[in-house]
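Notes for the one structure printed next.
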Amino acid sequence: MSELWKMVLSLSLSGSVLIVSIFLFCHLFRKKLSKSWQYYIWLAVVARLLIPWSGEINLVGQAFSAAEQYVGQRETVAALVLPDSESSESQETVSEAETLDTDGFRSAAVPVADRPTETRFQEALCALWLAGAVILLIRKLTLYQSFVCYLQTGSTEGEPVLLEALGQIAEELRIKGPVELSISPLSPSPLLVGILRPVVVLPTAELSEEDFRYTVLHELTHCRRMDILYKWLVQLTVCLHWFNPLVWLLARETDRACELSCDEAVIRKLTEEEKRAYGDTLLRAAKGAGSWKGSVPAVTLHESGKLLKGRLEAILMEQKRSMWIKALSLILAVAVAGGAAALGAYAKPREEKTARFTSGGNDFLLEDGISVIERDQVFYILCDGLTEDEAPLVGVVDGTMIMVVHRGLSTSVTLTANRGRVFEDAKKVCREMVEWGSLSEKDADLVLETAEKIQKGETDDLFSERFFEGSYYQSAYYRAPYLFYVGYDLTEEAAARCAGTEISLESGEKLWVSFSDTGQKWMEDEAFLSVLQALFSEFRTKEGKRIAEIKRPVVSSVEEVGFDVEALTEVYYASGDIGRFSVMIGELSPDRQKEYIEKAFQQEDAAVFSIILGELEWRGQLKDTLLDAYLSRAYEDRNVAFFAILSDYLSEASAQEWYRRISDQESLRSPYASILWDRLYNTEEDWDW
């Protein structure tokens, strides 16, 4: 709903700029520009206010996006941050409503209902706007209907002579379709109502032949130009943008310009004597005008005294315009149209499809024609005619994952990291899953067929498991401005088959780096190679880590994503790109990481929640006090999934304490007690059994 409000607000802002500009144009060149130009130019504003279209140049849209990014980067999840003056020896137990960060600060977690947010404020404004628009539109419709019913009271059809004269004038103006004539003593003035069935309403039939002709000529000119439809568009614009005072100015100016331009169209073919006669008709119509309280979308011959004076002056001063005035009118019209397009409007950011997945290069068909694609180290079996865009996003994978994707349902099977024995492992895992009822026999056959093709190397992928020493292992890294994937320990055979280059590490060691087909364009990029040099030099300093012993790495893909870590993290989080988000989250400060963990907890985003916990643990920043605070909230909310995720990170002592606490409060068969029991006492041998 807030997206709708942003769009309406941006349209109103764009329209306001145009209203002010056109208003100035019309007043500066009032005597130069034709009345028709001053009337129809407002259509550009109406279109801008009603149509949420934007092109490549989108000034207002860019301004809204910049403001949105500014606010998003400064959003704080903790409502109160106070220094903790207590020493580490005498730390207090953090309550459920608090979390303790790694820098010794206590953050009070404010309940969602008590925390005002930009989104909730925008939704409230949107609801207020929508209520006002609906009420105003209903009022205008009912007022118009009441006015029509008021005119019909005691009205009669025109006499045959008048109808014949009306038909002749309509034929002169080349009006297609019937136009009715009605005589209503209650009509405040000669006027035209109706769009599909236009009716000329006269307050009396006692008009001279000259007055009848000019009156009907005026109203039928409105009919030919479809001015009532124009007025209704303006009224709809007023209803949608009722909060903008400049839109009410737009309605007033179009009403004024409507009558002036109609007069201009009528007198265009009249002689000087006929122009004076037409002006006299306006004066006589003004003298006999009645009154109606309210404004309705109808076009009348008589308006206010001030406007009538302006109309008479315009009639008397009307003259043929020179070519340069016509050229100026055209230039101004093009400028207004271009300005309306360039101003643009707010549009919800669209996800880039190219950034959704990183292809692993293994795409093939099963025997029954079902497609299998490898994206971000996951093999997706696309059943039911699904496409790549409909495949679900998956986080970081440890091993080989095969996912059977049906419409509305997906089942994943995680197998060994060694693709050289993935088929044997698949037979065991699928058999167990079928016995447990978590995998159908048909889907198990699809998984086995896919695993067999992976193991046999029928996908013709250079970087399949048989080309790596030991188990296949690949990681993603961000080193500004690049986000790239690196696999480790190619065999000598594989390294000889693919392109590569040699780089020098800081220690003087020479390291051969291979590049996949998609990454070869970066092989001679000095800036990227310097990033690799720094990365691999850093790896060599990590004693006891497998990464320190890497040989013959391979760069599988590279993206130049930019330097704004905060913005990139937010984009990947908002688009659901968990793989890239998991890379960027490690580049944020601990405070920003905990803002995301709080956001993930509130939105029940288990994948993001687990990723950030793992990142904090890897950095040694995950404290039991933080876990206790979230465990308390998950337990209080009866959120089993988040309780299970958090319990995996507890130390044995903390897990024992929590198990005792829960066993004192509820049955040992409760899911929370069972989760902690598995955490404490189930070993790998237990699972094998």
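The values are calculated or read from the model by the stated rules, or taken from the named source; none is laboratory data. These numbers were taken from a predicted model, which means no experiment stands behind them. Virtual Cβ from ideal backbone geometry, glycine too; neighbours counted across all protein chains shown. When the accessible area is computed, the model is the full protein with side chains, heavy atoms only, and any ligands, DNA or RNA have been set aside. Shrake-Rupley method; radii C 1.70, N 1.55, O 1.52, S 1.80 Å.
Quick notes
- Residues within the reach of a label modelled at W232 (point 7 angstrom out along Cα to beta-carbon, backbone nitrogen below 18 Å), restricted to region 157-186, are 176-180.
- FRET efficiency for T271 and E159, using Cβ-Cβ distance with R0 set to 30 Å, rounded to 0.05: 0.55
- Distance between the modelled labels on K32 and K623, one decimal in nanometres: 7.2 nm (7 Å Cα→Cβ projection).
- Under the simplified labelling scheme, the A67-Q533 pair shows an inter-label distance of 4.7 nm, with each label point 7 Å from Cα along Cα→Cβ.
- Kirkwood hydrodynamic radius of region 137-181, from inverse mean 1/r over distinct Cα pairs, in Å: 12.7 Å
- The distance linking region 1-24 with region 645-667 is 56 Å (Cα centroid to Cα centroid, whole angstrom).
- Between E172 and L283, the modelled label-to-label distance comes to 2.2 nm, taking each label 7 Å out from Cα in the direction of the beta carbon.
- L191 accessible area, assembled protein chains, probe 1.4 Å, Å²: 0 Å²
- Per residue, the convex hull volume that the Cα atoms of region 552-658 enclose (Å³): 129 Å³
- With all protein chains modelled, accessible area of F243 [1.4 Å, Å²]: 70 Å²
- Rounded FRET efficiency, nearest 0.05, which uses the C-beta distance separating A641 from K456 and R0 of 41 Å: 0.65
- Protein heavy-atom accessible surface, 1.4 Å probe, per residue over region 144-207: 58 Å².
- Estimated FRET transfer efficiency (D389, E493; beta-carbon r; R0 35 Å; 0.05): 0.45
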